[in-house]
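Written below as structure tokens is the structure these notes are about.
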Amino acid sequence: MTSTPRWFTDTDDDHSEQYVAYIRGLAAQNADLAGEARFMDALMAPGSRVLDAGCGPGRVGAALHERGHHVVGVDVDPILIAAAVQDYPEPRWLVSDLVDMDLRSHGVTELFDAAVLAGNVLAFVEAGTESRALAGVARHLKPGARVAVGFQCERYAVADFDRHVTDAGFILEQRFATWDLRPWDEVAEFAVSVLIWPGE
């Protein structure tokens, strides 16, 4: 890891354990944890290869796997990856920092058809490395791949995100206010952006 993500620096010492417990609690209550997966399913062909970047304890990647996609989930936090492995053993889960991510070192050589960054992922990377994190994802994508990125606008300004998108070489295709496709406007509290990777 060559960066210092805010996931570690701006949270309590037991934040990771608390987050795992929170997600497991929602699952135990049969809460709907698959909204992002439904969104991604509509963007991709059946059986696509999907990179769940900043996968946390695995809920999105697991739901995509259940829908027949081939998922690799990556997160910088070993505690979250351990929870994903325990709760959803079938997808592949790897510890890696998006900023310097090279999945070839883990034997993942085939490029991905799509990627998803759900749950404020880019708001938790080290400040100033957002473009590098997006570039880390881009290195693993096929030309024409779509990437969906969701975050709370109070955590990460949309104007900053758009600049980072351009810096990383992505093209913004469309934007929504929620994962269930409600229209986005300047006062929306959340942004879900669909990007296209044109390839190098």
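The values are calculated or read from the model by the stated rules, or taken from the named source; none is laboratory data. Everything numeric here is computed off the predicted structure, so don't read it as measured data. Backbone-built Cβ (ideal geometry, glycine too); neighbour counts: all protein chains shown. Only protein heavy atoms, including side chains, enter the accessible area calculation; ligands, DNA and RNA are left aside. Shrake-Rupley method; radii C 1.70, N 1.55, O 1.52, S 1.80 Å.
Tabulated results
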{"quantity": "Solvent-accessible area, 1.4 Å probe, carbon plus sulfur percent, for the chain", "calculated": "50"}
{"quantity": "Per-peptide average of other Cβ atoms within 10 Å, ordering 13-20, 118-125 highest first", "calculated": "118-125, 13-20"}
{"quantity": "Full-stretch length increase - E173, R104 - with 0.36 nm per residue and alpha-carbon distance subtracted", "calculated": "22.0 nm"}
{"quantity": "Cα gyration tensor shape for the range 81-178, rounded if a/c is under 1.5, else prolate or oblate", "calculated": "prolate"}
{"quantity": "Spin-label model distance (nm) - R139 vs T4, 7 Å beyond Cα toward Cβ", "calculated": "2.2"}
{"quantity": "Dipole of the chain, positive direction: furthest Cα of F190, P46, V125, with charges on the beta-carbon", "calculated": "P46"}
{"quantity": "Calculated from backbone phi, Karplus (6.51, -1.76, 1.60) coupling profile of the range 171-177 in Hz, x at Gly/Pro", "calculated": "10, 6, 9, 7, 9, 10, 8"}
{"quantity": "The range 13-38 and the range 97-139: distance between their alpha carbon centers, rounded to Å", "calculated": "22"}
{"quantity": "Cβ-placed point charges (K, R +1; D, E -1), dipole of the range 1-50 about Cα centre in debye, nearest 20", "calculated": "320"}
{"quantity": "Spacing of the two label points (7 Å from each Cα toward its C-beta) at A28 and D87, in nm", "calculated": "1.2"}
{"quantity": "Angstrom value of the Kirkwood radius, inverse mean 1/r, which spans all Cα pairs in the range 135-200", "calculated": "12.2"}
{"quantity": "Phi to ³J(HN,Hα) by Karplus 6.51 cos²θ - 1.76 cosθ + 1.60 over the range 63-77, Hz, x for Gly, Pro", "calculated": "5, 5, 4, 4, 8, x, 8, 9, 10, 10, x, 10, 8, 6, 9"}
{"quantity": "Charged-residue dipole, Cβ positions (Lys, Arg, Asp, Glu), the range 91-200 about Cα centre, Debye nearest 20", "calculated": "340"}
{"quantity": "Rounded accessible area per residue of the chain, 1.4 Å, Å²", "calculated": "47"}
{"quantity": "Rounded FRET efficiency, nearest 0.05, which uses the C-beta distance separating A42 from T166 and R0 of 22 Å", "calculated": "0.30"}
{"quantity": "Within the chain: Cβ-based charge dipole about Cα centre, in debye rounded to nearest 20 (Lys, Arg +1; Asp, Glu -1)", "calculated": "620"}
{"quantity": "Rh (Kirkwood; distinct C-alpha pairs) - the chain, Å", "calculated": "16.7"}
{"quantity": "Modelled FRET efficiency - R0 30 Å, E66 with L181, Cβ distances, 0.05 increments", "calculated": "0.90"}
